[in-house]
Every structure is written in structure tokens, then in C-alpha cells.
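Asker: Starting off with a structure, shown below.
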Amino acid sequence: MRFMSLAVAAAIALNPIGVAAQAEDQGGPLIDYGTRFLPAIAAKGMVAGPEELASEAGLAMLKIGGNAIDAAVATGFALAVTLPRAGNIAGGGFMLLHLAETDEQVFIDYREMAPALATRDMFLNEDGSVNKQMAYNSVNAAGVPGTVAGLIHALENYGSLDLKTVIQPAIDLAEQGFEVPAALHLNLRSAAQRLAKNDEANRVYLAGTATAPLMGSLFKQPDLAATLKRIRERGRDGFYKGKTAELVVAEMQRQGGLMTQADLASYQAIERTPVRSSFRGYELVSAPPPSSGGVHVSQILKLLEPFPLKELGHNSAAYLHLLIESMKLAYADRSEYLGDPDRTAVPVAKLISDDFLDQRRTLIRDAVATPSSEIRPGTVEDRESTETTHFSIADQFGNVVSNTYTINFSFGSGIVVPGTGMLLNNEMDDFAAKPGSPNGYGLIQGESNAVSAGSRPLSSMTPTLVLKNGKPWIATGSPGGSRIITAVAQTLLNVMAFDMTLGLATSAPRVHHQWMPDMAMVEPGISIDTVNILEASQHKILRSDRTIGRVNSVQIEDGWLYGYTDPRRPGGHVATW
Ligand code: GLY
């Protein structure tokens, strides 16, 4: 109840009724959105992201004639300044593009890489247990950053503006500062104790006081501005070589880290073939390995496809039973088969094939939960955070971007490289530090994702496009570590199987199960009666105040753009033109 009220309030606050009225005067919109959960509506361009200044930085590129890729790069750099808990230049991510001119989708992998000196057991204590401090909070928790290479790759190959133009809003925000919004104040307040343990993070984010800056106070980041200017002047060499690289390596050497100048200089973003699947006539295009996202969203949707979902009723016990059991099957496969495709053969086609999933579906019992301990990964003949942030963009030319990037935990490793103003990621914890033991998200992962020099750790990030009649219809994605996949799957199911509007689909309460631990987390808003029925069906349920994901999406329908940011976290903003 409390959750639903918040959702309604946020939806109304984000979407003043005047926007819809203006659109109607022009002959649209053609979706009947009713009166609640109104999306933002635009005709020419839209950036749906986690923070207002960065969404507007992206929109400014669209307004000067740039395309969605220019806007994505501007938003990506700006979030490194305005959303330091997840926006970044020293992390990594995935960008999925739809290019109007060629009518193609392109997937850019700019995931972090393990340094060349990384070893399989580098996060183990002498007794064989996982050293969590080292895996989460040390300089060795950081993979070689990919964000700068990825954003510049996207811009140089698919953008239309120059780097100097698209990076300038980020530089201005860092140099001139901005008033601390409520969301940043709250994020820094909850992370203050952790950040204060690192002198440089304490200096940069907490003014050396171990307390968060006040809401509304001016927050400047001069070191970060200088780091961004080196990128502006020298492109990727301004980050992976020269002063910034030297400062990173100096900090590695000071703290016993493994990353070298050669690791930085050799980092490359890679274009990969996206995962493609379908659901009831819609085409899904999503993240391939080293993300597990596209594979498992596809599995969950396809496992559910034959069931009469709408007749069962949205979030009814009968529907949630099927949903939870499908999630368990997908995450069991994740533990066995997924990893960096450059190191291990990932049987993507098999895992999402009808034959394989028809067989897996037979394991879903009628109205009785199967204990996770009885579920093993499927047999495939050939053999592969709660943080992070996502934005979705559409432009006037028909290009669409779905981008998810991360430094893993909130504020990454909590370590700022002195003199750079940037936080190091702790993405190395997305490897299996000890195959078979849970990582920071409780995920059990296998040998296919063991730490390995030069490999990319397995991710759950799921930037996704849904095509309708072959054209982009929805761009979506979410943060949330292991919960990304289930948040995205439910949002899509809500639209495609339950005919919900984007706003309602995003706001509706979610559940999450990841096979191990054998526990379904349910958000506030799932009724106690439903929980009771699920428990009577032997489901183990964790009722939690914690939310699942934060989905930011754009939908394109009859030439109109509809955007919605998830009300689960403060600060989301749809910039419209
Ligand atoms: N760091 C979270 C993910 O990549 O899944």
C-alpha cells in the first residue's frame, strides 16, 4: 500500500498533466494511458535517466542536431559527475544501439577487464576462504576501466558531434559545480562511513568531514574536471595514457595493486552480436555474454510464453509461482554456463532454444515450488549490485540507445585515485572469487567465471530493445546487480503479456529469485494473501522494504516518444523535446 501510494505520487509529480494535453492538441498521443502512471511524452527527443542534469545534458545534444548516440555519450560523461554512486569514467558497461540509417542494432561491450597479473586465487585467504575486504574494497577489486573507451567508440563510429562538444557539459558540471540534489545527499549520507575510510574519497565527496554535503550546497569536483579535460584534449589517450594513467598506476603501486600502464593502454571496447529472441511476436534484442542479461531475460520470457498469463492475473499467486520457478531455472543455468565468451564457449543459442526451454519447462511443478537444491543447471551438449545505472534515449531520426554502466557497488570500491576525482570500480567481485561461493550479490558462479587474466567478469546488466513489426518499440534496462534481469523481465512481461502502459509496468511491484539462496524476495505491494498462498505452495518468501531494480525506459509508438523513470529511487528524470 505504502509502495503503491509512493509510485502514484511520483508518477504524477514526474508527469504534469499539461504535457499530455499539449501532445493531444497536436493529434496524439495514440496510446490510451488513462489518468494514472502517465509517462512523459515528447515528439522529437527523449532521455530517460537516473538524474536530471545528466538527462538534460544528453537532451541538449539532441537539440543542437546531435543524434541519440551523441546524447548517450554526453549523458554518460555527465553522470560520472552528478551520480557518483554509479555514473563513472573508471567503470564499464554495455551500450545497445538501434541505427535508423541501416535499420540495425549494434552492441558495444565496454566491460572492465582483469589485469594481466590477475590470478584465479587472488581473492582467497590462506585458509581458502574469500577475502571480502580485498574483493570489495581494495585497489585490486578494480578491473581495467572500459567506460571511456566504450563511450568514445560509440561516438566515433555512430555519433555525429565531436568529443569536445559532448564532453563539455560534464566538464562544466564538475568545474562550476551544481547544487546537491536530495538523491545525491541521501546517497552520500548512506555511504559516508565507507567513503571516509579512503582519505581521497573523504576529501572529494565529504569535504574531509566524513559527513555528506547538505542538500542545496554547491558541489564542485575540480580534479574530475581536469581528468575530463584530458579526455577532451586527447580522446582515449587522455585517459588510458598520460597523466590519468600515471596517477592510477601510482595508486596501484602505493597500495599493492596489480593494474599496470600496459593494462590501461591495451584496453579495447568490443562490438558483439546481441542476443536475439522473441516473445509473442515481439522481437527482443539484448545483452550477450559477458553479460548474462540477454540470455536469462530471454529464458524467463520464453519459459512463460505458453502459459495463459493474463488469465491467471497479474501478480496473482498462480502467476508468481510460474514466474519464480522460471527465474530459478534461469539462474541455475547462469551458475554453470555463463562467462566471458572470449575465454569460455557460452552456448547462447542452445540456452534460449525452444527445445532446451521446452524441456526445462517440464520441471515447473503445478502450484508447488521445487526446492532450489533439487534444481540443477540444464544439460547443454556444447559448452561459456545493487548498483549500476541505466538510461534510454530516442532521437528525432529514429536512433535509439539503451545503456547500462556501472562501478559495481554503490560508489564502487570506495577508493578515489588521488588527483583524478574518480572512483575505482570493484567489478572484480563479479568474477567467482571462489567458484561455488556466493559473491557480493549472493550469486553462485562457476568455473566459467573464475578470475582470469585479461577476461571480463560476468555481468547481469541487461540493456534491451524490443522491436515491434521490426521497428524499435521499447528501450529499457535497470541497475540492481543480480536483480537487474528479473526487474527487466517483469517490466517487459507487464507490457507484452499484461498489456500495461509503460508507467504502470514500471511501477508495479516486483519479485526476485536467483536460484540460490532459495528465497523469493517480494516488494511491498504484493498482497499478504498472495504471499500466504505462495508459502502454502512451499515457496520461501522474503518480504522486504528493499526494492528491486530501477527501470528507465523509452517507448516509441506511432511516432511519439513515451518515457518513464522508475519511482523506486529518487532523482530520475525524463528530459523531453
Ligand atoms: N556489477 C553488476 C553487474 O555487472 O551485473
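Asker: Kirkwood hydrodynamic radius (Cα pairs, Å) of the stretch 430-577?
Answerer: So the Kirkwood estimate lands at 17.1 Å.
Asker: Also, quick follow-up: Quick one: accessible area per residue over the chain, 1.4 Å probe, rounded to a whole number of Å²?
Answerer: 34 Å²
Asker: Right, another one. Please go through the residue pairs Lys164/Lys241; Lys164/Lys220; Lys241/Lys434; Lys44/Lys220; Lys164/Lys243 and name each one whose alpha carbons sit more than 22 Å apart in this structure.
Answerer: Lys241/Lys434; Lys44/Lys220
Asker: Another question, then. Give, as a single signed number, the net charge of other residues whose beta carbon lies under 14 Å from the beta carbon of Ala182, with Lys and Arg counted +1 and Asp and Glu -1.
Answerer: 0
Asker: Moving on. Counting Lys and Arg as +1 and Asp and Glu as -1, what is the net charge of the other residues whose Cβ lies under 12 Å from the Cβ of Asn426?
Answerer: Combined, the nearby Lys, Arg, Asp and Glu give -3.
Asker: On to the next question. State, as an integer percentage, the relative contact order of the stretch 33-80 based on alpha-carbon contacts under 8 Å between residues 6 or more apart.
Answerer: In percent, rounded to a whole number, it is 31.
Asker: Carbon and sulfur atoms: what percent of the 1.4 Å accessible area of the chain do they account for?
Answerer: 52 percent
Asker: Under 19 Å Cα-Cα from Lys197, which lysines qualify once same-chain neighbours fewer than 8 residues away are excluded?
Answerer: Those lysines meeting the cut-off are Lys132.
Asker: What lysines could a cross-link reach from Lys540, if we take a straight Cα to Cα line under 16 Å and drop same-chain neighbours fewer than 8 places away?
Answerer: Lys328
Asker: Next question, about the same structure. Of all trypsin sites (Lys or Arg not before Pro) in the stretch 530-577, which ones are in loop regions per DSSP and have a Cβ with at most 15 other Cβ atoms within 10 Å?
Answerer: Lys540, Arg546
Asker: Hey, what did the stretch 128-255 get for relative contact order, percent, Cα under 8 Å, at least 6 apart?
Answerer: The value is 26 percent.
Asker: Please give the calculated 222 nm ellipticity per residue for the chain, where each DSSP H segment of at least 4 residues contributes -39500 (n - 2.57) and the sum is spread over every residue; nearest 500 deg cm²/dmol?
Answerer: Computed ellipticity for the chain at 222 nm equals -11000 deg cm²/dmol.
Asker: Can I ask one more? How big is the shadow of the Cα convex hull of the stretch 269-370, averaged over all directions, in nm²?
Answerer: For the stretch 269-370, averaging the hull's shadow over all directions gives 7.0 nm².
Asker: Whole Å is fine, so just give me how far the alpha carbon centre of the stretch 528-566 lies from that of the stretch 274-291.
Answerer: Taking the Cα centre of the stretch 274-291 as reference, the centre of the stretch 528-566 is 20 Å away.
Asker: Here's a follow-up. For Lys310, go through the aspartates and glutamates and keep the ones whose alpha-carbon is under 15 Å away, minus same-chain ones fewer than eight residues off.
Answerer: The qualifying aspartates and glutamates are Asp499.
Asker: So, one more: When the expected Rg is taken as 2.2 N^0.38 Å, what fraction or multiple of it is the alpha-carbon Rg of the chain?
Answerer: Its radius of gyration relative to the 2.2 N^0.38 Å reference: 0.90.
Asker: Please state the charge dipole magnitude for the chain, taken about the Cα centre, from unit charges on C-beta atoms (+1 on K and R, -1 on D and E), reported in debye and rounded to the nearest 20.
Answerer: The calculated dipole for the chain is roughly 920 debye.
The values are calculated or read from the model by the stated rules, or taken from the named source; none is laboratory data. In this text the structure is predicted, and so the values were computed from the model without any measurement. Cβ coordinates were reconstructed from backbone atoms using ideal geometry, including for glycine residues, and neighbour counts include every protein chain displayed. Remember, those area values only see protein heavy atoms, side chains included, never the ligands or the DNA or RNA. Shrake-Rupley method; radii C 1.70, N 1.55, O 1.52, S 1.80 Å.
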